[in-house]
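The values are calculated or read from the model by the stated rules, or taken from the named source; none is laboratory data. Since the model is a prediction, treat every value here as computed from it, not as a measurement. Cβ: placed from backbone, ideal geometry, glycine included. Neighbour counts: every protein chain shown.
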Amino acid sequence: MSETKKTKAVQIGGLSGGCIPKERLNLPVYCERLTEARAMMDSGGIVGVDENICMVHMAHFFLTFIRVKEAESSH
């Protein structure tokens, strides 16, 4: 994360994994605790989200991506 921007959240586990707010960044990374935080370790990716990112736009992007991928896989 940048030293000049504040951390807002961590997006964990790929597009379907979920976001963990900065207040919960000390959460241990194992399945049961992630599930309690409504996240999951899907692809194993962890992406830092800074204060400039709109979480609503980020969620919209994830949902659109998943919807398109599901439509493609049904053909």
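Just to verify a result, which residue in the stretch 42-69, among those that are among the small types (Gly, Ala, Ser) and in a loop (DSSP other than H, G, I, E, B), is modelled with the lowest pLDDT?
Checked the stretch 42-69; the qualifying residue modelled with the lowest pLDDT is SER43.
Within the stretch 15-35, how many residues turn out to be touching a strand residue (DSSP E or B) at 6+ places or on another chain (Cβ under 6 Å) and in a helix (DSSP H, G or I)?
So the count comes out to 1.
Look through the stretch 12-41, keep the residues that are in contact with a Gly (Cβ under 7 Å, 6 or more places away or on another chain) and surrounded by 14 or more Cβ atoms within 10 Å (Cβ to Cβ), and return whichever of them is modelled with the highest pLDDT.
This residue is ILE12.
For every residue, the table says whether it meets (1) polar (S, T, N, Q); (2) without any contact (Cβ under 8 Å) to a residue 12 or more places away in the chain; (3) in contact with a His (Cβ under 9 Å, 6 or more places away or on another chain); (4) at negative phi.
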{"residue": "LYS8", "(1), (2), (3), (4)": "no, no, no, yes"}
{"residue": "GLY13", "(1), (2), (3), (4)": "no, no, no, no"}
{"residue": "ASN26", "(1), (2), (3), (4)": "yes, yes, no, yes"}
{"residue": "PHE61", "(1), (2), (3), (4)": "no, yes, no, yes"}
{"residue": "THR64", "(1), (2), (3), (4)": "yes, yes, no, yes"}
{"residue": "ARG67", "(1), (2), (3), (4)": "no, yes, no, yes"}
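Restricting the search to the stretch 1-11, which residues are β-branched (Val, Ile, Thr) and either closer than 15 Å to ARG33 by Cα or surrounded by 14 or more Cβ atoms within 10 Å (Cβ to Cβ) (or both)?
If the condition is that a residue be β-branched (Val, Ile, Thr) and either closer than 15 Å to ARG33 by Cα or surrounded by 14 or more Cβ atoms within 10 Å (Cβ to Cβ) (or both), then THR7, VAL10 are the ones that fit.
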